[in-house]
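Working notes, structure below.
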Amino acid sequence: MTIAPSLLSSSSSASQFLPRFPTAARFNVAASRSRAVTVVAASVTDLSSVDSTTIAVLGGGSVAALATIVSLTDPERRRKLQAEEVGGGDKEVVREYFNSTGFERWRKIYGETDEVNRVQKDIRIGHAKTVEKTMLMLTEEGSLAGVTVCDAGCGTGLLSIPLAKEGAIVSASDISAAMVAEAEMKAKQQLASENLPRFEVNDLESLSGKYNTVVCLDVLIHYPQSKADCMIAHLASLAEKRVILSFAPKTFYYDILKRIGELFPGPSKATRAYLHSEADVENSLRKVGWRISKRGLITTQFYFSRLIEAAPM
């Protein structure tokens, strides 16, 4: 599924929710570091009731202060409990979430409804920018008519449908049957029958075939680097000309924000979030004979995504 890389939520790509504090704990970036520390200290006792004010921007001092409480929680234990609940690991957690509460939540974010909050709307804008930039990468070298494209983790079809409109022969898949059904419905509403993508329910590791291009947007956030290595290698094995990937970038700053976000999982944030360094992704590609040829970074207030295109060496 195409999910925005989430730096501060254990559930979203991508896709980036900032921590939420009780109203009484509200503070702004202009606050002094000492005040930020005071707020953080007070918030430690309120973790169970964190459900309101979203901090729009975190300054370096505030992040440093908030980071001091990260060690007081055990997000890995929560991740293990999630896996146990669905009887599996990362893949099973992702499948369960996006076939249930996650599907409704992300269908709204990726849709056109006004029933989204400010953060969700910002993520919608951020992901749309990633899709737009991906389409530019794909079309700048010429027409897509007749070009075979694998959209791995298609979500609700936000990339598959524009690809088909450009004449590409699209194979679209997602681990979530609910997401695939939504994408297929939208495609039938917008495309002629002869241009419809071929949709299937499948995980990244089980995909097969050969394609001119393989695209995987905002999916790797759900998997640790050890599994992402294998997934990237497999996706490259399916592509003849290029692979396009987007992922939540792992930097010191983003890593701290993400770890802070794990303190405030919220009732609807049920999947794990993993950041990936560009160097690790590049190394995964290099090991199977591919090199990065283009790079980009898409950012909004709550969405951060590294976009790369790779080609055979």
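The values are calculated or read from the model by the stated rules, or taken from the named source; none is laboratory data. Quick caveat, the model's predicted, so the values are computed rather than measured. Using ideal geometry, Cβ is built from the backbone for each residue, glycine included, and neighbour counts are taken over all protein chains shown. For the accessible areas, the whole protein counts, side chains as well, though only heavy atoms, and no ligand, DNA or RNA atoms are used. Shrake-Rupley method; radii C 1.70, N 1.55, O 1.52, S 1.80 Å.
Lysines within cross-link reach of Lys210: Cα-Cα under 16 Å, excluding same-chain residues under 8 positions apart?
Once the sequence-local lysines are set aside, what remains near Lys210 is Lys241.
What number comes out for the charge environment of Val147, summing +1 per Lys or Arg and -1 per Asp or Glu over other residues with Cβ under 12 Å away?
On the way: positive: Lys241, Arg242; negative: Glu141, Glu166, Glu240.
Taking every Cβ under 12 Å from that of Val147, the sum is -1.
Please state the shape class of the range 106-254: rounded when a/c is under 1.5, otherwise prolate if a/b exceeds b/c and oblate if not, all from the C-alpha gyration tensor. Please list the in-between numbers first.
Working: a/c = 1.42, a/b = 1.04, b/c = 1.36.
Judged from the Cα gyration tensor, the range 106-254 comes out rounded (a/c under 1.5).
I want to check the label-to-label distance for Thr139 and Asn117. Put each point 7 Å from Cα in the C-beta direction and report it in nm to one decimal.
3.5
What is the percent carbon and sulfur in the accessible area of the range 122-217, measuring with a 1.4 Å probe over the protein chains and ignoring ligands? Please report the intermediate quantities before stating the final value.
Numbers: 1900 of 3770 Å².
Answer for the range 122-217 is 50 percent, counting heavy atoms of protein chains only.
Any lysines with Cα under 21 Å of the Lys121 Cα? List them, leaving off those in the same chain fewer than 8 positions away.
In chain and number order, the partners are Lys108, Lys129, Lys133, Lys186, Lys258, Lys269.
Can you give the charge dipole size of the range 95-227 about its Cα centre, rounded to the nearest 20 debye, using +1 on the beta carbon of Lys and Arg and -1 on the beta carbon of Asp and Glu? Each step should come with its number before you reach the end.
Values: 15 positive and 19 negative charges, 36 e Å.
With only Lys, Arg, Asp and Glu charged at Cβ, the dipole is about 180 debye.
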